[in-house]
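A quick write-up on the structure given underneath.
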Amino acid sequence: MNGLITITQLDRPMIDAVLKRADQFARKGYPAKRLSGKIVGSLFFEGSTRTRLSFDAAAKRLGAGVIGFASPEATSLATKGESFEDTIRMCASYADVLVVRHPDSGAAALAATVSTVPVINAGDGPNEHPTQTLLDLYAIAQAHGRIDGLTVGFVGDLKYSRVLRSLAQTLATHFPSVKQIWVAPKQLAMEADVRAVVSAAGIDLEETTDIAGIVSKLDILYMTRVQKERFSDKAAYEKLKDVYVLQPELLVNAKPNLKILHALPRRYEIPDSIDALPQAYYFQQAAGAVPVRAALLEHLIG
Ligand code: NCD
């Protein structure tokens with residue numbers, strides 16, 4: 001596999017191999033020289049905390065070096081008008097793999113057309129976030145010991161969340177025994193491109209606007225942040241930002257082994273009062289980013 005631009009490059013054997021290797025790293029530790037001499041280019045043209053730092057940590061755990069800019073404002077792209085393509089060309093000559101996040105859909109794919117080294121899409125606008133999908137699958141598998149046959153609820157901003165757009169398609173395509181329940185107001189409903197992939201897979205899919213009615217069916221409850229930065233109409237954001245708030249009362253009829261996921265950062269949708277509950281799994285989910293991204297880096301440049 002030459003890079004990871006889109007979830008359509010994932011297949012079940014590759015997913016299973018990455019999750020298995022990540023589990024080995026998490027349980028047995030990291031071979032500290034596995035990627036020694038390699039350099040990971042960390043190119044974040046959009047804000048990031050977890051994705052950037054977990055890629056950094058994963059690279060360093062395996063002995064690779066990391067180069068990158070502290071913020072896109074510090075690059076020649078921003079200060080001198082250099083093109084995105086030239087920026088990528090240059091960085092490709094300095095590194096063995098490029099991890100690219102950008103506010104525009106398709107930016108990682110564009111980077112891959114000019115890069116001489118593999119490109120990993122670390123989030124392209126509202127489009128895709130394939131490495132988050134891998135760590136989400138890892139979190140589900142760790143929490144339940146399996147993925148197949150579970151019932152998964154997606155709640156909130158299904159329109160702009162690249163996290164849920166990517167996970168919904170990957171589950172439908174490679175884990176068709178997983179039942180999906182989509183919970184969103186009509187303004188934030190899943191887009192047609194994702195619907196087409198999911199319906200072609202012929203999976204069991206339920207859609208509703210009412211979170212209270214579905215919690216008792218779920219093995220995984222995946223909450224999302226309403227993606228403020230994708231709204232041109234800020235008044236529309238203000239109306240929708242706290243459309244679903246997971247109050248503890250909503251969990252009274254939940255299955256005992258329900259797990260709550262969130263890609264983080266959270267805003268209104270998961271109050272701190274949830275954190276101490278046994279169902280809260282989002283911090284473990286975030287911690288799994290390091291072994292999963294280490295497994296991916298090893299797979300691509302090891
Ligand atoms: C997500 C993202 O950037 O898409 N965060 C992440 O990668 N952990 C989710 C979000 O920003 O809401």
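The values are calculated or read from the model by the stated rules, or taken from the named source; none is laboratory data. Small disclaimer: the values here were computed from a predicted structure and weren't measured. As a convention, Cβ positions derive from the backbone with ideal geometry for all residues, glycine included, and neighbour counts pool all protein chains shown.
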In region 195-252, what residues are under 23 Å from LEU171 (Cβ atoms) and among the acidic types (Asp, Glu)? ASP204, GLU206, GLU207, ASP210, ASP219
Residue list for region 13-70, restricted to those being over 16 Å from the mean Cα position of the chain (by Cα) and hydroxyl-bearing (Ser, Thr, Tyr): TYR30, SER36, SER42
Complete set of residues in region 138-176 that are more than 13 Å from the ligand (Cβ to nearest atom), assigned to a helix (DSSP H, G or I) and not hydrophobic (A, V, I, L, M, F, W, C): TYR138, GLN142, HIS144, GLN169, THR170, THR173, HIS174
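Would you check if there is a residue in region 74-96 being aromatic (Phe, Trp, Tyr), part of a helix (DSSP H, G or I) and surrounded by fewer than 21 Cβ atoms within 10 Å (Cβ to Cβ)? Let's see the steps before the verdict.
So the first thing to find is which residues in region 74-96 are aromatic (Phe, Trp, Tyr), and the list is 84, 94.
Next, from what is left, pick out any that are part of a helix (DSSP H, G or I): 84.
When the remaining residues are screened for being surrounded by fewer than 21 Cβ atoms within 10 Å (Cβ to Cβ), the result is 84.
Scanning region 74-96, I find at least one residue that is aromatic (Phe, Trp, Tyr), part of a helix (DSSP H, G or I) and surrounded by fewer than 21 Cβ atoms within 10 Å (Cβ to Cβ), so the answer is yes.
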What residue, among those in region 1-60 that are of a type outside the set (Ser, Thr, Tyr), assigned to a loop (DSSP other than H, G, I, E, B) and touching a Lys or Arg at 6+ places or on another chain (Cβ under 7 Å), is nearest to HIS144 (Cα to Cα)? GLU46
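Of all residues in region 28-37, which are in contact with an Asp or Glu (Cβ under 8 Å, 6 or more places away or on another chain) and surrounded by fewer than 20 Cβ atoms within 10 Å (Cβ to Cβ)? Working first, answer last.
Of the residues in region 28-37, the ones in contact with an Asp or Glu (Cβ under 8 Å, 6 or more places away or on another chain) are 34-35.
ARG34, the sole residue that qualifies.
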Do you know which of the residues in region 256-265 that are exposed (fewer than 15 other Cβ atoms within 10 Å of the Cβ) and either over 18 Å from ARG162 (Cβ atoms) or β-branched (Val, Ile, Thr) (or both) is modelled with the highest pLDDT? ASN257
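Can you name the helices (runs of 4 or more DSSP H) wholly within region 184-302 that have at least 3 residues being within 14 Å of the ligand (Cβ to nearest atom)? Even if it seems obvious, please write down each step before you answer.
Numbers: elements: 192-201, 234-240, 282-287, 289-301.
The qualifying helices (runs of 4 or more DSSP H) are 282-287, 289-301.
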